[in-house]
Amino acid sequence: MKHVLIVDDEPSVARVLKLTLEKAGWQVTWAPDGQVALEWLRKATEPPTAVITDIQMPRMNGRELVGAIEAEWPARDYPIYVMTSMTEREERHWVGALHRVHFLEKPLSPRLLVATLAHEAVTGFGDFHG
């Protein structure tokens with residue numbers, strides 16, 4: 001089954017993404033920050049199909065989470081989508097420099113996100129960069 005881990009400290013954002021993705025046939029796990037997400041990834045018996053994370057969160061932000069994932073699972077084959085309303089060039093640069101990490105600009109269209117994940121599953125390359 002397709003399984004996505006959503007990491008966002010805004011429950012309303014996570015809920016909209018969860019409902020949209022579940023309707024499209026995805027199993028969804030939600031974590032309110034990077035630390036909870038990292039703990040979930042460490043305990044998971046199988047990796048998720050994809051991770052979608054916000055950048056600005058308490059405890060462990062999205063940038064720190066992506067760094068921790070890259071360090072612990074350098075050979076991971078699932079994509080990570082980093083979503084934020086921050087559009088500074090610096091944010092786009094660090095995301096683009098990593099393997100299978102893609103930038104999603106908020107507000108993002110849930111339908112476009114579903115299409116992007118479906119495209120990723122078929123081609124292995126996400127092309128939605130916000």
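Observations on the model:
- Peptides 48-55, 108-115 ordered by packing proxy, namely the average of other Cβ atoms within 10 Å per residue, highest first: 48-55, 108-115.
- Ordered from largest to smallest accessible area (heavy atoms of protein chains, 1.4 Å probe), the residues R63, R76, R100 come out as R63, R100, R76.
The values are calculated or read from the model by the stated rules, or taken from the named source; none is laboratory data. In this text, all values refer to a predicted model and were calculated from it rather than measured experimentally. All Cβ positions, glycine included, derive from the backbone under ideal geometry; neighbour counts span all protein chains shown. To get the accessible areas, we keep the full protein, side chains included, count just its heavy atoms, and leave off ligands, DNA and RNA. Shrake-Rupley method; radii C 1.70, N 1.55, O 1.52, S 1.80 Å.
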